[in-house]
Structures are given as C-alpha cells and as structure tokens.
Amino acid sequence: MMAGRLRAAAAFLGAQVVGDDWTVALGLVAALAVTAGVSRTTLPAWWVLLAAILVLLPLSVWRAGRRGAGDSG
Amino acid sequence: MSAGALFLAVFLACTVEAVEATTIVLAAGTARDWRSAGYGAAAALLVLTVAVVALGPALTSIPIGPLRLVIGAALLLLGVQWLRKAVLRAGGVRPLHDETGIYQAKLAAARGAAAHRVATVPDWYGFTLSFQGVLLEGTEVALIVLTFGSNQHAIPLAGAAAGAAILVVAAAALAVRAPLARVPENALKFVVGVMLTGFGAFWSEEGAGAHWPGGDTALLVLLPGIAVLSLLLAYALRRRSHGLVRVAGGAPSTVETG
C-alpha cells in the first residue's frame, strides 16, 4: 500500500519534470552527459547543451504542430 | 543570480499555478461549502510547506557542483516543458488556458456529488476537491522554490516569493469571487519558461564541468536568446496554422488538457 503510493508519487513527480515529450528530456540529459565528457578534454563544452536546445525544442514544437489536435502537451 | 531575479522568477511561476489552484478552490467553495474548501486548501499548503522545509536543508548541505548539475537539469527539463506549452499556445496549436470554462466544468461536477461529513470537515467532497487542486498545482511551485532556492542558498527568500504570490492571487480571487480569467497566464508561463530554461542550462552546464564564456554575464545573452527563439517558433507556428486555415477553410480543432 505504502510502496504503491510512493511509486505513484514518484511517477507524478517524474511526469512533472519530463512532461509531454520524453524525447526532449532524454535528449537534454544526453547532451549534459556529452558536456560532462567534453569538459574533461581541452575543448570548450559550453555550446553542447545550447545546440541541443536549439535542435530539440523546435523539433518537438514542430512535431506537436503537425499533430495539432492529437497533441496532449 | 541576484536576489531580485530569484524573487521575480519564483513569484511569476507561483502566480501562474496559484491562479489555476484558485479556480478549483473557488469552484469547491461556491458549489459545495466554503469552510471545507478553505480547510482543503490550507491542508494542501501545509503539506507543500512541510515538504519544502524538510527537503530544503538537506539540499543545501550537498556540495555546489553536484547540486548545480542535478538542480540545473531539473530546472532545465521543467523550463523547456513550460516553454513548449507556452509556444504551442502562442502559436495557436493549443487553446489558451480558459479559467472560466474550467471553473464552470468543476462547478457542474461538484454540484452533482452527495455530501457527507468527516470529523470537523462539513463536506468531504469540497475538502478533497480543494486539497487535490492546490496540491497538484503547488507541486511545481514547491519544485521551483526548492531548486532555485537551494542553488542560491536562499530557500527562505524563494519561499517568501511563493507566499507573496499566493497571497496576492488569493486576495484578488476573494475580492471578485470569480476565476481570475484576465491574468495573462500564457505570457507569464512564457517568461517563466525562458527563465527556468536559461538558469537551468547555465547551472547544469557549470555542474557538469563546463565554463561559460564571460561567466555570469553569459546569462545576459542566454536569456534573451531563448526568448527570441521561442517567439520565432510561436510566430512560425501561427503562420503555419493560418496557412492550414486558409487551405481547409476552417480553424484546426484543438483539445485543452492542462
């Protein structure tokens, strides 16, 4: 009973953070992992996440726009 | 990040959620019982306050590097989600939040349910409706208070901003006894989405070990840049929607879900 409630609470919080398009969340987390990797080299790493936002947000919005009424996000 | 910017970001985010929560409390109070609706809202606010007070000190004791990575990532994901919704609404893909419509729907549902008393609560349905509404809408605010506040080691200030927004919205709603339909919710959500995305990207990258050119001044380019990108996306969507309307001879249908 308690475990079920905790699972439900965790699922609710997860949904609040991940939102309607999980591919955006996955892409941003992957970009952060790449940032952490690149920052250990001599190359600049600040642009990786920015590039991810510049690609993922328009893609997600465009997909939702194409779906129109079918989008729940 | 200055104390003023922290206060403003939390205040605006909390205003948006407080407007939505107030609509539900007003419906519960009008259709059922004001005392029960008030108890429900107060109980939910107490739960959220306890969560912030309990988790706050634990978060601020974490070293700043890992904290910035985790908190920044959470803010970034939350911010992009807010921004995406605001862009879709501004672009005409999703309808704007209709507080009056939501209020009428909640009112109709609440009037049909049977009443029963539990302990000192005169109407359990009104209590539960109000409690759930405030708790659900308040969870995002609690997340923002904890993330912004812990990152700047200023949870009391973030909490004060949230409290101020709740007081302002509650006072306005009590004065008019109607849903606050005139609050420009989407514009607020747009601004908050830009702030959450910008600060989330800045902090999470620093937590991951990257260094922004120019340090903190990079935010002066990052925040307007995200705002311009979002406005361009909304503009492109709106142009596309108008094109579809011209081709189909009618407006594209949309379904509002939250």
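Here's the yes/no breakdown for (1) buried (at least 18 other Cβ atoms within 10 Å of the Cβ); (2) over 15 Å from the mean Cα position of the chain (by Cα); (3) hydrophobic (A, V, I, L, M, F, W, C); (4) more than 18 Å from B:Gln132 (Cα to Cα):
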site	(1), (2), (3), (4)
B:Val25	yes, yes, yes, no
B:Arg35	no, yes, no, no
B:Ala42	no, yes, yes, no
B:Val53	no, yes, yes, yes
B:Ala58	no, yes, yes, yes
B:Gly65	no, yes, no, yes
B:Ala74	yes, no, yes, yes
B:Gln104	no, yes, no, no
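Considering only residues that are farther than 13 Å from B:Val192 by Cα and either acidic (Asp, Glu) or facing chain A (nearest Cβ under 7 Å) (or both), which ones fall in the range B:78-89? Before the answer, list the steps.
Of the residues in the range B:78-89, the ones farther than 13 Å from B:Val192 by Cα are B:88-89.
Within the range B:78-89, B:Leu88 is the sole residue that qualifies.
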Test: residue in the range B:229-241 that is at pLDDT below 75 and part of a helix (DSSP H, G or I): yes
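The values are calculated or read from the model by the stated rules, or taken from the named source; none is laboratory data. These numbers come from a predicted model, not from an experiment. Note that each Cβ is placed from the backbone with ideal geometry, even for glycine, and that neighbours are counted across all protein chains shown.
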